[in-house]
Structures are given as structure tokens and as C-alpha cells.
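Participant: Before we start, here is the structure in question, set down as C-alpha cells.
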Amino acid sequence: MPRSVIRVAIVLILIHLLGGIGAHAQSLDQANSGEPVLLTADEVIYDKDNRITTARGNVEISQGERVLRARKVIYDEPNDRVTAVGDVVLLEPSGDVLFADYVELTDQLKQGLVRDLKVLLKDDSRFAAAGGRRFGDETTVMKKAVYSPCKVCNEEGARPPLWQIRAVTVIHDKREQEIEYKDAFLEFYGVPVFYTPYFSHPDPTVKRKSGFLAPSYSSDENLGFTIDTPYFWAISDDKDATITPLFTTQAGVALALEYRQAFERGRFEIDGSGTYVDEFDNDGVKTGDKEFRGHVRSSGRYQIGNGWRSGFDVFRTTDDTYLRRYNISNENTLTSNAFVNYQKGREYLAVDTYAFQGLQVRDDAGTTPYVLPLVDYSYTTEPGKYGGRFHLNGDMLVLQRTGGADSNRVSGDVMWQLPHIAPAGDVYTLTAALRGDAYFLSDQTDIGSPSDTEFQARMVPLLAGEWRYPFVRSTGTVRQVVEPIAQVVWTPDSVGNNDVPNEDSQAAELDDTNLFSLNRFAGRDRIEDGLRVNYGVKLGAYGQSGGYTNLTFGQVYRLDEGTFGRGSGMQDSFSDYVAQFSIQPNNYLSFTDRVRLDKDDLSINRHEIYLQAGPPGYRVGVNYVALDSQESTILGKSDEQEIQVTATAKITDYWRLFGRYRYDIEGEQSINRSLGLQYLDECFDLSLVYEESFTRDRDLEPAKSFKLQIRLLPFN
């Protein structure tokens, strides 16, 4: 038998048979890669008179990553027919696997016939058909076919998959990347539950395609029974949109829109919703009028290049309770922002503008500020000869109100720091700084400021010295650290706090995060004055596997009293004690306890507990917060004590139970609670969520809600 004839036959079989029948086969040009063809068989026979080549017995033909296995492969050259018989298996480079008892190709290998076809696609979904035909290079038609992405048990008598589509005819159009079904039934565990004369979905090669997404159903005492039916529109590779009508029995129809677009250097997103419904007064009573209610939310990011980037975030709504009524957001303040920033090396520049929308009863739009703009600049020099560095910072703020006080501020400071490591290993750091602020003010009496002058300026020096002595010891796989710290900071007794408005430093409270800060006010409008001494200790133990334990404990002594108000922990010369303890020995436990203790009787003035415990399938979370009120007439806060418990439990491999409970201890009332059940496997997602809200907010009543969502995966 001439070897060249066998090679030609095998190449034709491989390229056309293997490249044409698979669910996601490549074209002839793609498959004909010039790679060598490998053939193994128990026997190869060439009938020279009839020009028929037969390979039989454990036949395996491979080229590259494509492999064909069969009991027998026949190439009939005169009749232009290729036949593979018996336990035919085709492994495609894409990961798809085709199984059949009989495969036949004719008409220059463009027409095909398959019997007892089974296909395992690369996403683990499956086709089975009594027979199939191939027409050209693009279309495969299967008869009496079944499709399912669900895993099946191969044991005798095993039940059918959770769901499957059974159809008289299934057509796979590779050019359109679409799979079509005619006269189809949707079956659950083999029981037909829904019939459709026509149905289609994208094949697994498609990442995105236009179509309806899974609807969700809910029942809410504020909205009634609700159904949303989102439609996804794949506009192009770089942009898409989602249109979601929301039908309710008590609040009419709402429409939500979302648009997303990606650029080479950035992205843009916008979503919004709206409805025209009955108007309610603050007591939740209908006024008899109609009104438009809605929201818009958008964000964008763009990498300009060479260290520059820009972006924006917009979030606005028509009224205070719309977002909560339609379960869009629970935020109390909406923030819109546009920015440009630059960062390269040790230099940073940011230009921001802000607009705020307060949604609480006490919020007044007239006194809510607009920031137009806020400019921050910082630069740190290289270390000098002795290791000292200069830190330069600049700040400009233009703050406007439509019905209240306006203030413009220009600030700048220069700081020099010199660290030194002594021979004994202790570390000393000297700090010297000079800061200047200039304010241009108007209408300050509207917010109760002690000053109504148009211009104020101040210059404030600062000197500080810090000592640290870290002791480190390694024991086995654990590294232990003990570090006592002492810090002395001086600024003048009078720093002009009473001469300028307080916009960004409304509350200051001592905790472990600012124990060793040079200025414990978060903003720039207030400066910590006088002589103070900060002292404490940090301890830690760190394992090689990532586990750790750490503790911080300390106190502040201030020479003068009166800078900080009640509830800050620093209203007296000796402050409260602050402590923080964290432990995370492994991924199963994470615990943090932060506390502020009264300096006289060690009673708890502030307490925070954060706990996450359990393996991934069984997690419990506890958040507990107890806060003292701040001495601030603008914030108007009161004592707060609240606990929130979350839990999730994996009942089986596919069933999960989860819940959340939030309770106001100070007010002795529940805030909200929820309980949910989810089933999730490779082909089906079902979730049920029950939730109760116990809070009342103007036209929003305490309510119970129930939500159901079903998704047939991977269709979403």
C-alpha cells in the first residue's frame, strides 16, 4: 500500500470529518495547519482496485490537539465517502467531545450523517440526539435531541438531570453562534413543565448576547407584588445596555435603564430609573396628586497617561425616600464627585469637586455645601545627608451654599522629619512643621460660627519628638514584637480655632488609630493645640502561615483642657485609655475588639467588636458598636449602641441558608432582619429571601418583603 495514498486519505478524514461535525468545529482553512498526522491502528488495508482505505482496531488519528478514536475508519475515494464506525470519539481543541456510533461524510465531505450522537461541550453542557446531519461548514441539524448543562449520573436507573430541553429538532448555526430548538419542552427531572414551538440561546462560544435575563419576583408591603423583567442588549463588544420594566400592584410601573461602555483607557457607566405615581405626604397619606420619582447614578474613569487620571461619580434622586422604597439604596447621603489627579513618585496632586444630597429629615438643601473645588498637593523630598526629609502639603477649598455660609480656604504646610536609630536599637524621630491657613468668609452667622468677618488667617508651628523601642524575638515559626512608644507634641496654646468656621473637623474622638497622630482632628479647620504627651505600647505575634495577634494600648496627657468636647475621650488632661486587640490564627477566625475605657473607673465609653468565625460553608459574623455622643450642635448625635449578626450555613453541597439581624440596643428595638434560602449548582440557581424592616421614614412604613429569583444557568 503506497504511504502517500494513506496519508492523503487520513488528512482528508481528519480535516473534514473532525473539523466539520463538532459542535464548534473549525473551518477547513483553520484546521489545515500543516501539522503532522499521526495514525495508530491494529490494521490498515488499502484496496488498490476499489481505492478504499480501511483502518480498523483501536483506530486513533491525531493532528495537533484534535484526536479521533473509532473501531474502524473507511475512506471510499470513488464515492467521496468517509465513514467512522463503532464507539466514535472526537476530541476537539476547544475542549468539546463528540460521541457517536456511526459517522458518514459525503459530497466532498460537506454533507454529514451521524447516528446516536452525544456531545459534551467545553462548558460541561451536553447534547444527545438520535441522529444528526451536517449541511456545509456552518449548520448541524439534530433530530430528537436533548440539551442540558446539568451533570448526570451514569449509574443504571439514575434519574434525569435537574432540567433539560427536549426538542424534535435542534439546529446549531455556527456562523450565528446560535442554537435553535423547534417543538421544545422544558423538563424538570424528566417531567415536562413548559412547551414552546421555538426557543433559542447562544452557544458556549458566546460571551455576551442580547436577550431577556432571569426575572425576579417579590412581594413588598410598600410596593405590593412586584416582577421585574430585564432585557440585556449587547450593542457591541465595548458597550451594552440593560432595560428593566418593573411592574408593581401598588405603585404602578417603573422603568430602569443601565448603559455601560469600555474604552481603551477607561470606562463609563450610567443607570437610572423613574416612575409616575401617587404623591404622598410626610405621614404616608396620598395627596391625590401625581408626581415623577426617580434617580440617576453614573461613574466614569479615564487614564490620561503619564501619571494623570480623571473620573466622576454622580448619584442623585428626586426625593428622600424613593431609593429605599424601590430597594435601590439605603444611603443617607448621596455624593457626586468629579476629579483629576496626578501621582508620580513622591508627588501627588488631586483636584476634586463635590455635591451632596442629604436624605434624612434634618437635612437642609440650603445649608448642604458644594465643594467647587478641593485641591490637594503633596510632595516628599529625597532623604538628606542625615536621613531627614521635607514633606510639602498644599490645600485649597472653595465651599459654597445656596442658603447658608460660604467659605474659601487656602492652606499650606511644610514638615521636616529626621529619624535616627540609636546603637541600642531604639528609634528617635524629630519633627518640625509650620502651617498657614487663610480664610475668605461670608454669611458665617447662618451656621452659628463665632466669627462673621470676611478674612481670617493663622500661622501655627509644631514641634514633636518620638521614641520607639521595638523588641523582636523569633520562637519557632512565630515572630514576636513588643514596641513601647512615647511622643511629645507641642503647638501654641492659641491656634485660632475660634476664629474660623468648622466645616471638616466636626468631631474628634480618641482611638487606637489616632493615638500617635500629631493632630487628632480629621480635617484642616481645627488644629490640636497645646503641649501633649502620647504614650503606649504595641505588641504582636506573627506566624509564618499568615496568622497573627496584635494589641495596642495607650493614653494621652494634655497640659491644657478644653480643646475637645464631651465624648471625645480627651476632655480632661489625662485622656481615657484606648486599646485594640486583634487575632486571626487562620482563615476560620477573625476577631477585633476596640475599646475606650474611662480613666477613673475603667468603665467602657466606646466599644466595637468585629467577629468572623467558621469554615467557608458555615460562617457567623457579629458587629457590635457602642458610641458616646459628641458635643456638637451641628451633628446632633446621641448615644448609639447597636449589634448586627449575620450567619450562613451550607446545608448540603447545593443548599445554603443565610440570615441577618440588626438590633438597636439603645432604642430597644429591631432595625431589620432577613432570612434566605438558596439552591445553587452548575445549572440552576434558586433563591428565596424574606426581610422585615422595622423603621418608619415619612411615607415609608415598616414593611415585610419576600423575593424569589430563578435562573437557568448558564443562560442567566
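The values are calculated or read from the model by the stated rules, or taken from the named source; none is laboratory data. Predicted model, so just to flag it, every value in this text is computed and none were measured. In this analysis, Cβ positions are derived from the backbone assuming ideal geometry, glycine residues included, and neighbour counts consider all displayed protein chains.
Participant: Looking at the structure I just gave you, is R656 of a type in the set (D, E, K, R) and either closer than 26 Å to H201 by Cβ or in contact with a strand residue (DSSP E or B) (Cβ under 9 Å, 6 or more places away or on another chain) (or both)?
Facilitator: For R656, the condition - of a type in the set (D, E, K, R) and either closer than 26 Å to H201 by Cβ or in contact with a strand residue (DSSP E or B) (Cβ under 9 Å, 6 or more places away or on another chain) (or both) - is met.
Participant: Please verify whether segment 271-286 includes one or more residues that are more than 26 Å from D320 (Cα to Cα) and either modelled with pLDDT of 95 or more or surrounded by 13 or more Cβ atoms within 10 Å (Cβ to Cβ) (or both).
Facilitator: no
Participant: List pairs: first in segment 208-231 and closer than 25 Å to E178 by Cα, second small (G, A, S) and surrounded by 14 or more Cβ atoms within 10 Å (Cβ to Cβ), Cβ under 7 Å, 6+ apart or cross-chain?
Facilitator: Pairs that qualify, where the first residue is closer than 25 Å to E178 by Cα and the partner is small (G, A, S) and surrounded by 14 or more Cβ atoms within 10 Å (Cβ to Cβ), are R208/A234; K209/A234; S210/A234.
Participant: Can you tell me how many residues in segment 584-625 are more than 26 Å from the chain's Cα centre (by Cα), assigned to a strand (DSSP E or B) and free of Cβ contacts under 8 Å to residues at least 40 places away in the same chain?
Facilitator: 6
Participant: Among residues belonging to segment 405-456 that are charged (D, E, K, R) and either over 42 Å from the mean Cα position of the chain (by Cα) or surrounded by fewer than 15 Cβ atoms within 10 Å (Cβ to Cβ) (or both), point out the one that is modelled with the highest pLDDT.
Facilitator: That would be D426.
Participant: If you don't mind, another one. If the requirement is being surrounded by fewer than 19 Cβ atoms within 10 Å (Cβ to Cβ) and either closer than 21 Å to R520 by Cβ or in contact with a Ser or Thr (Cβ under 6 Å, 6 or more places away or on another chain) (or both), which of these qualifies: F591, F564, F553?
Facilitator: Details: F591 fails: either closer than 21 Å to R520 by Cβ or in contact with a Ser or Thr (Cβ under 6 Å, 6 or more places away or on another chain) (or both); F564 fails: surrounded by fewer than 19 Cβ atoms within 10 Å (Cβ to Cβ).
Of F591, F564, F553, the one residue that is surrounded by fewer than 19 Cβ atoms within 10 Å (Cβ to Cβ) and either closer than 21 Å to R520 by Cβ or in contact with a Ser or Thr (Cβ under 6 Å, 6 or more places away or on another chain) (or both) is F553.
Participant: While we're here: Test V296 against the criterion of being under 30 Å from G224 (Cβ atoms), assigned to a strand (DSSP E or B), of a type outside the set (S, T, Y) and at pLDDT 90 or above, and give yes or no.
Facilitator: yes
Participant: Take Q480 and decide whether it is of a type in the set (S, T, N, Q) and surrounded by 15 or more Cβ atoms within 10 Å (Cβ to Cβ). Spell out the reasoning first.
Facilitator: Numbers: of a type in the set (S, T, N, Q): yes; surrounded by 15 or more Cβ atoms within 10 Å (Cβ to Cβ): no.
Criteria not met by Q480.
Participant: Given F715, F658, which one is within 27 Å of the chain's Cα centre (by Cα), in contact (Cβ under 8 Å) with a residue 12 or more places away in the chain, more than 23 Å from D639 (Cβ to Cβ) and not in a strand (DSSP E or B)?
Facilitator: Just a single option satisfies the conditions, and that option is F715.
Participant: Within the bounds of segment 265-285, is there any residue that is out of contact with any Asp or Glu (no Cβ under 9 Å at 6 or more places or on another chain) and of a type in the set (D, E)?
Facilitator: No, that holds for no residue.
Participant: Out of all the residues in segment 316-337, which are among the small types (G, A, S) and either in contact (Cβ under 8 Å) with a residue 40 or more places away in the chain or buried (at least 17 other Cβ atoms within 10 Å of the Cβ) (or both)?
Facilitator: Correct list: S336 only.
Participant: Going by the structure shown, is R293 out of contact with any Lys or Arg (no Cβ under 7 Å at 6 or more places or on another chain) and surrounded by 15 or more Cβ atoms within 10 Å (Cβ to Cβ)?
Facilitator: yes
Participant: How many residues are part of a loop (DSSP other than H, G, I, E, B) and either within 17 Å of L255 (Cβ to Cβ) or not small (G, A, S) (or both) if we restrict to segment 299-333?
Facilitator: Of the residues in segment 299-333, 11 are part of a loop (DSSP other than H, G, I, E, B) and either within 17 Å of L255 (Cβ to Cβ) or not small (G, A, S) (or both).
Participant: Within segment 394-442, count every residue that is without any contact (Cβ under 8 Å) to a residue 60 or more places away in the chain and of a type in the set (S, T, Y).
Facilitator: Number of matching residues: 4.
Participant: Looking at this structure, is V146 modelled with pLDDT under 85 and not hydroxyl-bearing (S, T, Y)? Spell out how you get there, then give the answer.
Facilitator: Working: modelled with pLDDT under 85: no; not hydroxyl-bearing (S, T, Y): yes.
When the stated conditions are applied, V146 does not pass them.
Participant: Could I ask something else about it? Is it the case that L399 is in the same structural domain as Y439 (by TED's automatic domain parsing) and either at pLDDT below 95 or not in a strand (DSSP E or B) (or both)?
Facilitator: Yes; evaluated as a whole, the condition is true for this residue.
Participant: Mind checking which residues of segment 651-686 are polar (S, T, N, Q) and modelled with pLDDT of 95 or more?
Facilitator: If the condition is that a residue be polar (S, T, N, Q) and modelled with pLDDT of 95 or more, then S674, Q678 are the ones that fit.
Participant: Checking E692 against (1) more than 22 Å from P615 (Cβ to Cβ); (2) modelled with pLDDT of 90 or more; (3) touching a Phe, Trp or Tyr at 6+ places or on another chain (Cβ under 9 Å): exactly one of these is not met. Which one?
Facilitator: (3)
Participant: Still on this model: Would you call L551 closer than 30 Å to T652 by Cβ and modelled with pLDDT of 95 or more?
Facilitator: So L551 does not fit the description; no.
Participant: Take the conditions in a strand (DSSP E or B) and closer than 29 Å to L323 by Cβ and apply them to L374. Does it pass? Step through it out loud before you land on a result.
Facilitator: On the way: in a strand (DSSP E or B): yes; closer than 29 Å to L323 by Cβ: yes.
Criteria met by L374.
Participant: Could you please tell me which pairs satisfy a Cβ distance under 6 Å, a separation of 6+ or placement on different chains, a first residue in segment 668-696 that is under 21 Å from Y618 (Cβ atoms), and a second residue that is of a type in the set (D, E)?
Facilitator: That search, which allows pairs on different chains as well, returns R673/E692; S674/E691.
Participant: Related question: Of all residues in segment 502-553 being of a type in the set (A, V, I, L, M, F, W, C) and in contact (Cβ under 8 Å) with a residue 60 or more places away in the chain, which is farthest from E608 (Cα to Cα)?
Facilitator: I527
Participant: Can I ask one more? Within segment 574-627, track down each residue that is aromatic (F, W, Y), outside the structural domain of G530 (by TED's automatic domain parsing) and closer than 22 Å to L515 by Cβ.
Facilitator: Within segment 574-627, Y610, Y624 qualify.
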